[in-house]
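Just passing along the structure, written as structure tokens.
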Amino acid sequence: ENCRSDLAVTGVFFINRKTALLAENYTDLLTELIPAVIRQHGKVTAFTSDGIFVDLNTPDDLFTANKAVLSGAFPHSPENIVKKASDYPELDLSVPALIPHSADIAPHVKIGADTVIGENVTVCRGAKINGAIIMDGAYIGERATVNHAIIGTGARLLTGASAFEGAV
């Protein structure tokens, strides 16, 4: 209880219905609920991981995590991170950005730094995307603008449409 440390406990709790009902009586899962479950049932199961856990509660958290991945802050970054604009001479591209090989992007599309494009995304001519997250299967129409917004899986942003900061 009085231990001081620069370490933090993070994780995901999987609980059954009975434990979920019991949880309503506690304000802290780690220091109250888990000890109560052990007292009542004798055990809990846990595992550790050397992987990275990122808590994404808000769209801003997602943007921050994507920026960290694109900058190389995580040891296992995706292979599709573009670090040289010259790799895509047909685009008006600022780096870093994530562009998978399955994306269908028309020539001369403007893609700004910190943009993440998902699998099987279509981006039509004249579109401008800056610091945005475009999820799998989305369609960005001709002359559409996406600026620091999130376009959801399979969404369609039609010709000339715009999505600006904070749009999800």
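Sort the stretch 80-168 into rounded, prolate or oblate with this rule: let a ≥ b ≥ c be the square roots of the eigenvalues of the Cα gyration tensor; rounded if a/c is under 1.5, and if a/c is not under 1.5, prolate when a/b is larger than b/c, oblate otherwise. Display every interim value, and only then the final one.
Details: a/c = 1.42, a/b = 1.37, b/c = 1.04.
Rounded, because the longest to shortest axis ratio a/c is under 1.5.
State in Å² the accessible area per residue of the chain; use a 1.4 Å probe, count heavy atoms of protein chains only, and round to the nearest integer.
68
To make sure I understand the rule: partners must be lysines, Cα under 26 Å from the Cα of Lys84, and not fewer than 8 residues away in the same chain. Which ones qualify?
Within the straight-line cut-off, Lys84 pairs with Lys67, Lys110, Lys128.
For Glu90 and Ser162, what is the calculated FRET efficiency with R₀ set at 22 Å and r taken between the beta-carbons, to the nearest 0.05?
Calculated transfer efficiency: 0.40.
Could you tell me the extents of the chain's C-alpha atoms along the three principal axes, largest first, rounded to whole Å?
64, 30, 25
Given the protein chains as shown and a 1.4 Å probe, how many square angstrom of His108 are accessible, to the nearest 10?
Accessible surface of His108 is approximately 150 Å².
For the chain, what does -39500 (n - 2.57) per DSSP helix run (n ≥ 4), summed and divided by total residues, give at 222 nm, in deg cm²/dmol to the nearest 500?
-5000 deg cm²/dmol
So how far apart, in nm, are the two label points at Thr48 and Asn120 if each is 7 Å from Cα heading toward Cβ?
If labels sit at Thr48 and Asn120, their model points lie 4.0 nm apart.
Rank Thr31, Thr122, Thr145 by mean-square fluctuation in a GNM of the chain with C-alpha springs under 10 angstrom and give only the top-ranked residue.
It is Thr31.
Whenever you get a sec, compute what percent of the accessible area on the chain sits on carbon and sulfur atoms (1.4 Å probe).
52
The values are calculated or read from the model by the stated rules, or taken from the named source; none is laboratory data. What you see is a predicted model, and the numbers here were worked out from it, not measured in a lab. Glycine gets a Cβ as well: all are built from the backbone with ideal geometry, and neighbour counts include every protein chain shown. Areas reflect the complete protein model, heavy atoms only, side chains present, ligands, DNA and RNA absent. Shrake-Rupley method; radii C 1.70, N 1.55, O 1.52, S 1.80 Å.
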